[in-house]
Amino acid sequence: MLLALLVACEIGFWLLLGAGLAARYLLRLRRTSLVLLAATPLVDLVLLVAATLDLTHGGQATVVHALAAVYIGVSVGFGARVIDWADQRFARRFAGGAAPAPKPRFGAAHAARERSGWYRHLMAWAVGCALLGLAVALIGDLERTVALTRVAGLWTVVLLIDFAISFSYTLSPRRAH
């Protein structure tokens with residue numbers, strides 16, 4: 001049941017995003033667009049509440065429960081960037097907007113973009129892991145919440161690998177060929 005809700009929430013996020021952009025550019029409903037786009041994080045919140053209720057009513061934690069916290073973290077860390085990315089492309093396709101600026105591929109600008117992405121990842125990780133830790137503390141049963149701590153541990157390893165890659169460009173920037 002929770003897996004189905006996770007899939008529905010993921011679909012709901014993209015539907016709200018698309019509806020918000022359609023309201024803005026196709027229907028010229030600026031306020032409606034803002035409401036729809038502002039509602040995108042609420043989809044993740046629905047999933048988090050459902051996962052929390054399941055756990056507080058005796059459910060065994062799974063990776064799906066952990067993903068609820070991860071989704072909230074990713075929404076906080078990357079949500080604005082995802083919406084901006086989609087907005088630029090939608091504006092270009094349906095409203096004659098300018099082409100998105102190309103991402104820097106070399107030098108200091110590329111290194112700065114990589115660091116910025118890692119800082120967003122760090123923010124996502126901090127929020128997500130705080131929620132995972134809060135769930136573990138709230139449940140108070142390490143055997144039932146081992147999946148949550150495993151996801152936090154795996155995410156920490158991924159964050160460290162991302163750090164090494166992202167900051168490697170600061171130490172040794174890519175050069176144009």
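For residue 79, indicate whether it is in a helix (DSSP H, G or I), open to solvent by less than 60 Å² (accessible area, probe 1.4 Å) and either at positive phi or not aliphatic (A, V, I, L, M) (or both).
Numbers: in a helix (DSSP H, G or I): yes; open to solvent by less than 60 Å² (accessible area, probe 1.4 Å): yes; either at positive phi or not aliphatic (A, V, I, L, M) (or both): yes.
Taking the combined requirement at face value, the residue satisfies it.
(1) surrounded by 13 or more Cβ atoms within 10 Å (Cβ to Cβ); (2) in contact (Cβ under 8 Å) with a residue 40 or more places away in the chain; (3) assigned to a helix (DSSP H, G or I); (4) of a type outside the set (Lys, Arg): which one isn't true of residue 168, the others all being true?
Looking at each condition in turn, residue 168 falls short on (2).
Going through the range 118-149 one residue at a time, which ones are over 27 Å from residue 165 (Cα atoms), in contact (Cβ under 8 Å) with a residue 24 or more places away in the chain and either aromatic (Phe, Trp, Tyr) or in a loop (DSSP other than H, G, I, E, B) (or both)?
144, 145 - these are the residues of the range 118-149 that are over 27 Å from residue 165 (Cα atoms), in contact (Cβ under 8 Å) with a residue 24 or more places away in the chain and either aromatic (Phe, Trp, Tyr) or in a loop (DSSP other than H, G, I, E, B) (or both).
Could you pull out every one of the helices (runs of 4 or more DSSP H) wholly within the range 1-61 that has 3 or more residues that are more than 30 Å from residue 147 (Cα to Cα) and open to solvent by less than 80 Å² (accessible area, probe 1.4 Å)?
Helices (runs of 4 or more DSSP H) meeting the threshold: 2-25, 30-38.
Consider only pairs whose beta carbons are under 8 Å apart and that are at least six residues apart or on different chains; among these, list those whose first residue lies in the range 100-111 and is farther than 19 Å from residue 172 by Cβ and whose second residue is assigned to a helix (DSSP H, G or I).
From the range 100-111, the pairs are 100/85; 100/88; 100/89; 100/92.
The values are calculated or read from the model by the stated rules, or taken from the named source; none is laboratory data. Keep in mind that this is a model prediction, so the values were computed, not measured. Glycine gets a Cβ as well: all are built from the backbone with ideal geometry, and neighbour counts include every protein chain shown. Keep in mind that these areas ignore ligands, DNA and RNA; they rest on the heavy atoms of the full protein, side chains included. Shrake-Rupley method; radii C 1.70, N 1.55, O 1.52, S 1.80 Å.
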